Every structure is written in structure tokens, then in C-alpha cells.
Amino acid sequence: MLPRDTLAAHARLLDEVGRVDQVGVEERVAKFTTRSVKKTAKLWGLRTAVSMTDLTTLEGKDTPGKIESLCRKALRPHDDPSVPPVAAVCVYPSMVRHAKSLVGGSTVKVASVATAFPSGQTHFKTRLAEVRGAVADGADEIDMVINRGAFLSGDFARVEDEIAGVVEACGAAALKVILEVSELETYDNIRKASFIAMGALRPGDFIKTSTGKTNLNATLANNQVMIEAIRDFYLDTGIAIGMKPAGGIKTAKQSLHFLIAVKETLGDAWLTRKRYRFGASSLLNDLLRQLEKERTGAYQAPYHFSDATESY
Amino acid sequence: MPSRRTSPPRPRASLIFGDLWEFDPAPETADPKLKPRYDLFIGGRFVAPRTGRYFDSVNPANERKIAEIALAGEADVDAAYAAAARAFGPWSALPGRERGKYLYRIARLLQDRAREFAVAETIDGGKPIRESRDFDVPMAAAHFFYHAGWADKLAYVAPGAAVSPLGVVGQVIPWNFPLLMLAWKLAPALAMGNCVVLKPAETTSITALKLAEILQDAGLPPGVVNFVTGAADTGAAVMGHPGAAKVAFTGSTEVGKRIMRQLAGTDTRMTMELGGKAANIVFDDAPIEQAVEGIVNGIFFNQGHVCCAGSRLLVHEPVADAVIAKLKNRLRVLRVGDPLDKNTDLGAINSAEQLSRIRRLVAAGVREGAVLYQPPCSLPGKGFYFPPTLFTRVTQSHRIAREEIFGPVLSILTFRTVDEAIEKANNTPYGLSAGVWTDKGSRILRMSTELKAGVVWANTFNRFDPASPFGGYKESGFGREGGRQGLLDYARLS
Amino acid sequence: MSAARTQVRIPVTKTPKVYIGGAFVRSESARTFKVSDRSGAFFGNIPQCTRKDLRNAVEAAAKAGPGWARRTPYNRAQILYRLAEMIEARSLELVDALARFGERASDAERGVSVSVDRLIHYAGWADKYEQLLASVNPVASPHFNFTVTEPMGVVGVIAPDRSPLLALVSMVAPVVASGNTVVALASETAPYPAILLGEMLATSDLPGGVVNLLTGFRREMLPTFATHAHLRAVYADVKGEDRRALRAGAADSVKRVRFVEGAAGDWLSDSAQGLEFIRAFVELKTTWHPIGS
């Protein structure tokens, strides 16, 4: 059981931001999946999803060679000139300089995870140093993790102060705050953490669902709780925060469901990569595959697309 | 830190729900497999009406004729009752286990042809294909499936008493959920061993007659189920027939009262599922976002053509402004239009007559001083449509707070205390359903105890299940449909 | 002559395997026992399952349990009904299997059709038993007090030798209808119908691991059924010393032990089915909640 003051802190915050009913929110998002997007609307959705993708590789086995192929793909996902470049490449700090040398000068940003990704379990000073290092190496965007331990024990001030510290360390770089929703467990907690993060952020910064390193990542429901928080915060303060669901979005169809949720919750102003991103690695090829299907009328085999992992 | 609580938006920040990403039309293209003309279904066969007359069934989305429907007169109703009476002996003598197998077959055959039925339902009644596909048809199949399982377990329905069927049951159903209401009526009656004469609503007869095809495919013995189609006169003949051991009616309170008077001199049993004016009560500690969704679902589901619709929103004053602001934003993304489009949230109003009733009551609301809000939306030029509508500053004495509108129109009232919410909710001759939204469990149970309504939804609305009894208090009727209790209404206990 | 010779065709025999965790496997011990048909001719080698096979089956059942229990009762009902459809469609094969091991053809036919009806009976119960076993309790305080059922968990079933299909179906169906999962030991003398049943389970919509069917020697397996702590109940058609052994072994883990008694063992009759067989394998849970503002 949590200590008394922890409970009180959680209760106060919940009273302030309001509650979420699990069954209700899951029913709501199920309706997004029944929307039917066809023809020009589908093309628009697929291309927009490409333009919103943070093409990601976050593996211990990443090498400069792997980063190079990722960056080439990011700049020119497909031969078809109507397919836009992706929003950003997302890499570990040690790869930032290399990635920047490949995509610098283009519209493709370099995003770097930092702050002892994915657990965040190291000294705050070290986490800040990591952020500063990545920014110095040329990162345009920083993806940080929140202190889930502090959050769960009710030390919200610490969570917020740390985010504020990272904002400062970012300088001109945009910040994406990863809540790691699977470790927060409840939608109430996701809503609370969203507000804590937004309180410390600047317009144009993002909140993000997950690291992609745990068993549960972005779902339509936790995306919904977060974009509703963004909407409520915006209507209250006028500050527009962006959203990035990450991990688990593998198919074009899924990404369209997320975009429909954005369209019907936040509206047109968020249907841009300036305010919405997908953190994904395999999503891009499925988007390309569906775009090619729309162009040719024929269903496509995965191995026609570069960097495909499916070999069967 | 800025206030995190959802307070009303300041004018400088607003959301844009524009045309940046407009969806292309996405019509459902499955063939509803309709016949140009539908006869009566009596004694297991389609037969021409002895009146020799047919009437048109019209698609309310475009006012085009879909098919001709036989007009049953008294002689046809007599023939239907005679066929049912002939079938009753062997049908009621069949072991429950075997009777159940027919109901299972009907459920399965309906599942097989679900999409075809959904399209037919939408064309005939105007409801969005999303609802007929995801709700009406699967729920109708679920009712047959659930009741199939009771047929061999009737000994458990009323412990301590023996149950037996009543005989021939006359049933009249409304146009808002044509196939689903038919399933609610047929399934328990048949499971218990009764035979049925049923009249669908005049404007929505087609899915009943398509179901007759399924009854034939299922090999259901002739006469066990008979469908007679027509308007009010046919309905009165079905309800008033001396061959009826029981009548079951779903429809308006006005007609229900008329039937009760008509049958006053007989011992015919009755089930009445009538109108409603449900209060949907939102407290300040509710999960607001889900409450807003529940309010929308409560009143705009099936264009508000729902007897248990949450047509009166009672909202706690501390959150009234926030709830109303969120509701208005939510209404802006409701899609009104072609019911066959898979993205349509609100389809067509069922008939010209119903549309004019809605317009009349909405005009009364404006005249009596309530404040109207309708989101910007363009309605199709042809067909019967009405935009989603909110009224704020409504009081208990307004007509729109007292009369059943049966359309997509929500009246919003406020309250300050729990007792006031209960008083306002119960201040109506109706008592079909109610909704409560609060994070506090004990308050849910208090409200559920105090509300005079046959169904109370807590932190949800418009949920239905074959296992869950449904029906009203007061002038919303009596008797229950669904669950063990619903089955009992078709049984004689001894 | 040569034309006639080419018409000779040697039948392909089937390797009998047991159904564990949704897969068809041999015993981990690689042991088998020989089964002959009623004429005495060799039929096949049946897996002689061991305590380790039982352990593996319990693991599979435990893994499948939470998902099966979480499914809606309506979904469980439809799945059991689908199983009945599959068996009805392949009833000739089952009748043949029963007749091959000694049942009269007419008895075999009746056994199969009653098995199908029994499954449908319990399919119907899946979304109804709660309406009869649960209650709202009128306590003398401002509390809403209600009692609901929950499945017990993994249940062991030990089927009798006679009625090798119908008895097995009659014992397994009420247990799984409420969301339990099952590890069953089939008839020792006529195990083949249970193996066929496994093949039908695999082609129904029943998730793998919900029903696991073992074959082998009852005396060898019974002590493990009795003492395996993860089995929360055992439902056995056994007599005499076997009953004592099961009860004694079960005591260590306070396992629920139910035996087939009296008319319940008259498998063809309606007295072998009903709500009480579901009630025997559920736990009851009572919740108190205040009523107030």
C-alpha cells in the first residue's frame, strides 16, 4: 500500500484533472476502427502517416551502417515522388552525429532518445548530461522518459521538475516526454501524467506513450486518453502540445485509426507532423505497400520494399 | 501550474473540425436481396392478402419505394391465428431440447446472412448501417441463441412451480428496431412453447418477412410463427383477436393505453413496453469524457428513435458548463447523412410523419424559451433528416422536458444536490430507464434504489443483452423482455 | 489380372495421439499400449501417458484458463455449440469408433446423438447458470450484497471405461461451461473415441488448452490427479479404494473431489445433466458495497 501522503497526492491530482472510465474509453476508440477510409481520403491518410513517422531504430546492435540505411529510407521512403520523407529518424545518442551528417539540411529531423532510455534509472545529472550531449551532437528533438518511480509514489513535483530541467537542457530542440503507459497501468494515471508533463512543456513539444521496450505500447485507448488531455489543456491554456504514440503500430490500417481519433478529437490543427508523430519501425513499409496498392490496384508483396524484414 | 480541471474554453483556443481530411463516400454495397412484393407469412407459406391490397414501403433516406407489402385485413389475421392454433399442439408437445434446436438454427442462419439483413434494415428504416451491422442484427441473433438454450431448462425458470406455454400470442412491434424487437418478442415466446402471430410496424416490415425465409430454411413447423403486415387496423385486429392467450406490445404509451382499454373485457394477458423520457444524470465526480460519450450515445443512437433514450440530461451545476462545452464539440464530429454510408453516425428519420413531430416539438422548445444548439452540418436534399440538437436552459415545465420526442433532441437541465436529481428524474409519468454518471459506487446504488425506472445504467447507457431483463415502471409499461424474468411473461405457472 | 492388381489399395492407418495444449502429441515417456478392436484384431498403439504428461497438461490448462474464464458467457456458449455442430457432422466416424470397441451399433448411435445434445444443453447453460446460482442478498444494513460464481481453475476429470464418449462429454462439458479448464483421462479400455473427440475439439473454436485429453492407465495416473496441487478439483467416475486414494491425496491441497453418483452415471438419461453439475465446479464470492450519497 502506498503511504498516506502519496494517496492524498494522487487523489488531489485526480480531482483536478478528472477521471477516466476504462470501459467507456475502450468503447469510444472501438468506434474509430469502424470508420471506413477510401480512395482519396485513404491516400491522404497514408501519405500523412508517412510524413508523421519517426523512423526508429533503438537496438544494442545498431551500427553506423544500419543508421545510414535508416536515414536513406527516411529521406526517400519510396521511388514514387508523391511519397513524402518521414518526419524524423529516432536513434540512440551515440548515433546522433552520424545521423545528422546524413539527413542534415533536409526536412528530416534527428530525434534522440535520452535520459537513460528506456528505464530512466540513473542520476538526474547524468540524464541531463546525456540530453546536452545529444543536442550538442545535432539532435533536433529529444525523447525523454519520465521518472515513473517518482510518479507512482506521488512525488509529482519531482516528475515535473525533472521534465522542466530537461526542457532547459534541450535549448532549441523539441522535447517528447515518454510516459511509459504500461508502467502507469491505469488510464487515470495516464491522464494525470499527461497533465504533469504538459505543465512543464513549451508549445510544440510532445507527450509520447511508450519506449517500445515493454510489453504494452501505444493503443488507441491510451492514445485517446492522452489526446483528450492535450485537447483539454489546449482549450484551458491555449498551449498546443503534440502527441506521439510509439511502439506496436505496425500496419497502415492501425495508423489510419489513430489519425481518425486525432481528426475527431483534436481536429484538423493536429493532423500535421508538427503536432502528431508515429514512433515506429515496421509501419513505414506497410504504409508504402498500401500506397503502392492504391496506385497499382494490386496487392503488394512485402519484399518489394527496401529494408523489409519479412523474407517469406 | 494552470488549472487542470476542465473548465469552459476561453475564446482564444478553439478546435477546428474542418475539411482537411474529408472522407470519401463509403457505401455498404452488399445486396439486401429484396423482393419487389412481400406477401403475408401464414402457416409457413407466403400468401396473398385476402384484402387484395398492398402498400408501399419507402426508404426514408431518399423517399424511394423499396417494395410492396401486403395489407392484412381481419380475415387474414383470423387465418394467421387459426394457423397458429393448429401448430400449437405439436409445437408445445415437442421436447424443449428439440424446440431449442430450431431456435439455434434461426440464430445461426441469421448470423450467416447478417450483412444482407443489416443492409435491408438500413434501407427500410433509415438507421445507419454501422448500427444495423454492429448492433441490431448481431443482437437479434444473440436473442435467438440465448433463448434457444432456455427451451430445455424451463424447469429452472420458476423454481417450485411447473411452467407451461400460454397458447397463441399476438405481438405488435415498433419501427425503431424492427428485427431486434421481433427477436425480443419471438425468441422467448417460442422457447416457452407458444405460437405467434406478429405484426411488424407499417414502415418497417421487410426484415420480418426476410426472417420468414429463414424460418422456412430452418424447417420451423408451419404456423408456429405467422407475420401479418399492415397499419393500425391490422395491429388492432392482432391485439384484439379472441384467439390470443396473450398480447405483447411495444410502441407508444398512447397506443398501449388504447389496447388496454380494448382488452378490458377479456382475460388476455399483456406485456406493454411503452414510451420513456429517461433522465441521464451526470454528477461532478463523473468521468466527464465518458459521460459525454454516454450522453451522445444515449440520445443520438438510432437518431433518438429509442424508447429508453436519455432524452433529459440532468447535469450537476459545478460541471454543467464543462459538460455542455464538451458536448458541443462532440456534436461537431457527428456525421449525419446517407444511412448506407459506413461512416454515418446519424441516419434518416424513419418517416415524414415522425420528422414533422420532431420539428413541432423543437419549435415548441424554442418558443418556450429554451436555447437551441445545432452543429453546422449539411443534410441531404432528399429524404427525412434532422440534425443533432441540444437545448440548454430547459426547465421541468417545458414540453421538450416532458414529452417523448423520439428524435435526436436532447434537453439539458441542471441540479444542485442528489435529492434534487432524484426528484427531477422521477418527475415524469414515464419510468423506462435512467442513467447515472459518478465515480462513487455508493451513490450509484442509492440512485439505483431511488430512481423509478425499469433499467438503470451506471457509467454507461443504452446497453442491451439477451440475459438482461428490460421493461418499464409506471406509464412506460409492464412485463419484462430478456433474462429469466422475460421468459416468465410467456409462461403459465401451476 | 494386372488391371485388378492396380486396384488393390492398402489403407493408411492413423497414429493415435493425445490432445494437450491444442497440439497432438505422443506421451513424453514414449510409451504406448496396444488396443485391439472387438474382433481381437490389432487397432493401434495408444499413448500411455505418465504423471509428467499430466503435469504438462495441467500447465497447458492453467495457461488457457484466464483467457477462457474472461470470455463472455455468450462466447463460451457459442463455442460449445460449435463443438456440437462439429461432432454432429462427424457422428458416423464416432459411431464407427464406438462400435469397433464393443458397443452395439444402435447404442453407439444413441451415445453420439446424446453426446451432441448434452453439449448443446451445456452451451445453453453457459450464459444462464449465473442467473440461477448467483443472488442478491437482503442484508439488514444499507449495503448492496451480492453473491456471484467464479470458476475454480484447472479441474481433473477421470472418465469411466464404459460409455467412453458420452461419459467423457458429460463430465467435461459442465466443467468448461463455467470457465474452468480440464485435464481429462479417457476410458482405459476404449480410449480411441476420446482421441477422435480431441480431433473435433481441435477443429471447433475451443481454444487450445481448455480441454486436454490424456490416455493411459487409471491406476498409474490416479495418485497424481489426487496430489497435483494446481488441480483445484477432481471429478471422477471411480469406486472403492480409488475414491479413498483420491480423497486422501486431495486433502493436502484442500482439493474439491466430486464423484459420479447414482443416476448421474446413467449417462443416456437426462438425470446425467443439469445445473447441479455446473454448481459443483464453481466458487462463490460475496461482495458488500454501501448504498448512500
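The values are calculated or read from the model by the stated rules, or taken from the named source; none is laboratory data. These numbers were taken from a predicted model, which means no experiment stands behind them. Methodologically, a virtual Cβ is constructed for each residue, glycine included, from the backbone with ideal geometry; neighbour enumeration extends over all protein chains shown.
At-a-glance table
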{"quantity": "Members of segment A:155-197 found to be among the basic types (Lys, Arg) and closer than 29 Å to A:Gly24 by Cα, listed by number", "calculated": "A:Lys176, A:Arg191, A:Lys192"}
{"quantity": "Test: residue in segment B:237-251 that is in a loop (DSSP other than H, G, I, E, B) and surrounded by 24 or more Cβ atoms within 10 Å (Cβ to Cβ)", "calculated": "yes"}
{"quantity": "Condition check for B:Phe41: within 14 Å of chain A (Cβ to nearest Cβ) and aromatic (Phe, Trp, Tyr)", "calculated": "no"}
{"quantity": "Count - residues of segment C:66-84 that are crowded, with 16+ Cβ neighbours inside 10 Å and within 14 Å of chain B (Cβ to nearest Cβ)", "calculated": "11"}
{"quantity": "Those residues of segment A:255-312 which are under 15 Å from the mean Cα position of the chain (by Cα), aliphatic (A, V, I, L, M) and more than 14 Å from every other protein chain (Cβ to nearest Cβ), in sequence order", "calculated": "A:Ala280, A:Leu283, A:Leu284"}
{"quantity": "Condition met for B:Ala291 (more than 19 Å from the chain's Cα centre (by Cα) and not assigned by TED's automatic domain parsing to the domain that holds B:Ser57)", "calculated": "yes"}
{"quantity": "Verdict on C:Thr147 being of a type in the set (S, T, N, Q), buried (at least 19 other Cβ atoms within 10 Å of the Cβ) and within 27 Å of C:Thr286 (Cβ to Cβ)", "calculated": "no"}
{"quantity": "Unmet criterion (only one of (1) within 12 Å of chain B (Cβ to nearest Cβ); (2) exposed (fewer than 12 other Cβ atoms within 10 Å of the Cβ); (3) of a type in the set (Val, Ile, Thr)) for C:Ile278", "calculated": "(2)"}
{"quantity": "Residue within segment B:6-19 that is crowded, with 16+ Cβ neighbours inside 10 Å, at pLDDT below 95, touching a Lys or Arg at 6+ places or on another chain (Cβ under 8 Å) and within 10 Å of chain A (Cβ to nearest Cβ) present", "calculated": "yes"}
{"quantity": "Matching residues in segment A:290-312 - criterion: being surrounded by fewer than 21 Cβ atoms within 10 Å (Cβ to Cβ), in a helix (DSSP H, G or I) and in contact with a helix residue (DSSP H, G or I) (Cβ under 9 Å, 6 or more places away or on another chain)", "calculated": "A:Glu292, A:Glu294, A:Arg295, A:Pro302, A:His304"}
{"quantity": "Scan of segment B:257-307 for residues that are among the small types (Gly, Ala, Ser), within 12 Å of chain A (Cβ to nearest Cβ) and part of a loop (DSSP other than H, G, I, E, B), ordered by number", "calculated": "B:Ala286"}
{"quantity": "Hits in segment C:71-94 (condition: assigned to a helix (DSSP H, G or I), over 19 Å from the mean Cα position of the chain (by Cα) and free of Cβ contacts under 8 Å to residues at least 60 places away in the same chain)", "calculated": "C:Tyr74, C:Ala89, C:Leu92"}
{"quantity": "Some residue of segment C:179-192 being assigned to a helix (DSSP H, G or I), farther than 11 Å from C:Leu213 by Cβ, away from chain B (no Cβ under 14 Å) and β-branched (Val, Ile, Thr)", "calculated": "no"}
{"quantity": "Hey, C:Ala229 touching a residue at least 24 places away in the same chain (Cβ under 8 Å), among the hydrophobic types (A, V, I, L, M, F, W, C) and either touching a strand residue (DSSP E or B) at 6+ places or on another chain (Cβ under 8 Å) or under 27 Å from C:Ser135 (Cα atoms) (or both) or not", "calculated": "no"}
{"quantity": "Contacts under 7 angstrom Cβ, first residue in segment A:22-42 being free of Cβ contacts under 8 Å to residues at least 60 places away in the same chain and facing chain B (nearest Cβ under 7 Å), partner buried (at least 18 other Cβ atoms within 10 Å of the Cβ) and part of a helix (DSSP H, G or I), 6 or more apart", "calculated": "A:Gly24/B:Gln290; A:Gly24/B:Glu293; A:Gly24/B:Gly294; A:Thr34/B:Arg130"}
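Yes/no per residue for (1) β-branched (Val, Ile, Thr); (2) part of a helix (DSSP H, G or I); (3) without any contact (Cβ under 8 Å) to a residue 60 or more places away in the chain; (4) buried (at least 22 other Cβ atoms within 10 Å of the Cβ):
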site	(1), (2), (3), (4)
A:Gly199	no, yes, yes, no
A:Arg202	no, no, yes, no
A:Thr214	yes, no, no, no
A:Asn217	no, no, yes, no
A:Val225	yes, yes, no, yes
A:Ala240	no, no, yes, no
A:Glu264	no, yes, no, no
